[in-house]
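S.K.: My questions all concern the structure below.
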Amino acid sequence: MIIDLATREEFLQHVREQRIEEEVRERYIARTGHTVAANEFRAWQNSLQCVGNVLQFEAIPRELGVAIEYRIHNTAKRIDLLLSGRDATGAPAAVIVELKQWETVEPTELDGVVRTFLGKGPRETTHPSYQAMSYGALLRGFNTAVVAH
């Protein structure tokens with residue numbers, strides 16, 4: 001399931017109008033039937049405005065696809081932001097982006113794990129890059145399984 005799917009231009013229009021988080025909330029409720037927690041809404045409000053600042057550059061293709069809250073098939077995992085288009089050779093390509101609202105983060109001795117303040121105190125959690133990498137592996141595995149059948 002994808003909560004919001006748009007081109008770069010549509011996404012940027014919602015950002016410029018300062019209503020991207022409202023668009024996402026409306027579509028989230030329509031698709032899931034659930035309300036949105038206040039902290040998730042704030043995360044969309046903060047993060048998606050920042051994403052808009054990056055995607056505004058003209059070097060980024062207008063037809064770039066922007067998927068928000070992409071749920072990986074047969075899992076409870078959701079990709080915050082999935083950018084899709086074509087690479088320099090014209091082949092299909094995608095970039096997985098995990099957005100965080102962390103104020104501070106510290107390294108740990110564990111591979112792919114960082115320490116940050118979550119909930120009521122500091123906790124160890126998956127590094128966003130490792131999280132994105134594992135989501136990519138899940139998508140590649142799923143696509144391989146679908147093509148094989």
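S.K.: Only one of Arg86, Arg140 is modelled with pLDDT under 95, more than 26 Å from Gln45 (Cα to Cα) and touching a Pro at 6+ places or on another chain (Cβ under 9 Å). Can you tell me which? Explain how you work it out, then say what you get.
M.R.: Numbers: Arg140 fails: touching a Pro at 6+ places or on another chain (Cβ under 9 Å).
So the residue among Arg86, Arg140 that is modelled with pLDDT under 95, more than 26 Å from Gln45 (Cα to Cα) and touching a Pro at 6+ places or on another chain (Cβ under 9 Å) is Arg86.
S.K.: Moving on to the next point. Which residues, taken from the range 107-119, are without any contact (Cβ under 8 Å) to a residue 12 or more places away in the chain and surrounded by 10 or more Cβ atoms within 10 Å (Cβ to Cβ)?
M.R.: Arg115, Leu118
S.K.: Moving on to the next point. Could you please find all residues in the range 22-39 being assigned to a helix (DSSP H, G or I), open to solvent by less than 60 Å² (accessible area, probe 1.4 Å), without any contact (Cβ under 8 Å) to a residue 40 or more places away in the chain and among the β-branched types (Val, Ile, Thr)?
M.R.: Initially, the range 22-39 is screened for residues assigned to a helix (DSSP H, G or I), giving 22-32, 38-39.
If we keep only those that are open to solvent by less than 60 Å² (accessible area, probe 1.4 Å) as well, we get 23-24, 28, 32.
Right, trim to without any contact (Cβ under 8 Å) to a residue 40 or more places away in the chain and you get 23, 32.
Within the range 22-39, just Thr32 meets the criteria.
S.K.: Could you say whether any residue in the range 8-21 is touching a Pro at 6+ places or on another chain (Cβ under 9 Å) and in contact (Cβ under 8 Å) with a residue 40 or more places away in the chain? Spell out the reasoning first.
M.R.: Initial filter on the range 8-21 (touching a Pro at 6+ places or on another chain (Cβ under 9 Å)): 8.
Narrowing further to those that are in contact (Cβ under 8 Å) with a residue 40 or more places away in the chain: 8.
Yes - at least one qualifying residue is present in the range 8-21.
S.K.: Among the residues of the range 65-81, write down those that are over 13 Å from the mean Cα position of the chain (by Cα) and at pLDDT 95 or above. Quick ask: steps written out before the conclusion?
M.R.: First, the residues of the range 65-81 that are over 13 Å from the mean Cα position of the chain (by Cα): 73-76.
Residues satisfying the conditions do not exist here.
S.K.: Would you please name the residue that is most open to solvent (accessible area, probe 1.4 Å), looking only at residues in the range 75-89 that are among the β-branched types (Val, Ile, Thr) and in a loop (DSSP other than H, G, I, E, B)?
M.R.: Taking the range 75-89 and keeping what is among the β-branched types (Val, Ile, Thr), we get 75, 79, 89.
With in a loop (DSSP other than H, G, I, E, B) added as a condition, the list becomes 75, 89.
Values: Thr75: 38, Thr89: 119 Å².
For the range 75-89, the residue satisfying everything is Thr89.
S.K.: Please go through the range 1-13 and pick out each residue that is over 18 Å from Glu63 (Cα atoms) and either of a type in the set (S, T, N, Q) or loosely packed, with under 14 Cβ neighbours inside 10 Å (or both). Write out each step before concluding.
M.R.: Within the range 1-13, the first condition is being over 18 Å from Glu63 (Cα atoms), and the residues that meet it are 1, 3.
Met1, the sole residue that qualifies.
S.K.: Now for a separate question. Only one of these is at pLDDT 95 or above, open to solvent by 90 Å² or more (accessible area, probe 1.4 Å) and of a type outside the set (Phe, Trp, Tyr): Arg16, Arg42. Name it. So that I can check it myself, show each step before the final result.
M.R.: Working: Arg42 fails: at pLDDT 95 or above.
From the options Arg16, Arg42, the qualifying one is Arg16.
S.K.: Oh, and also: Given the structure, is Pro122 in contact with a Gly (Cβ under 6 Å, 6 or more places away or on another chain), open to solvent by 40 Å² or more (accessible area, probe 1.4 Å) and not aliphatic (A, V, I, L, M)?
M.R.: On the way: in contact with a Gly (Cβ under 6 Å, 6 or more places away or on another chain): no; open to solvent by 40 Å² or more (accessible area, probe 1.4 Å): yes; not aliphatic (A, V, I, L, M): yes.
No: the conditions fail for Pro122.
S.K.: Out of the range 66-125, which residues are farther than 30 Å from Ala30 by Cα and polar (S, T, N, Q)?
M.R.: Within the range 66-125, Thr89, Thr104, Thr108, Thr116, Thr125 meet the criteria.
S.K.: Yes or no: Ala93 open to solvent by 40 Å² or more (accessible area, probe 1.4 Å) and not in a strand (DSSP E or B)?
M.R.: Numbers: open to solvent by 40 Å² or more (accessible area, probe 1.4 Å): yes; not in a strand (DSSP E or B): no.
No, not satisfied.
The values are calculated or read from the model by the stated rules, or taken from the named source; none is laboratory data. Just so it is clear, the model here is predicted, and its values are computed rather than measured. Glycine gets a Cβ as well: all are built from the backbone with ideal geometry, and neighbour counts include every protein chain shown. The protein model used for the area step is the full one, side chains on, heavy atoms only, and it has no ligands, DNA or RNA in it. Shrake-Rupley method; radii C 1.70, N 1.55, O 1.52, S 1.80 Å.
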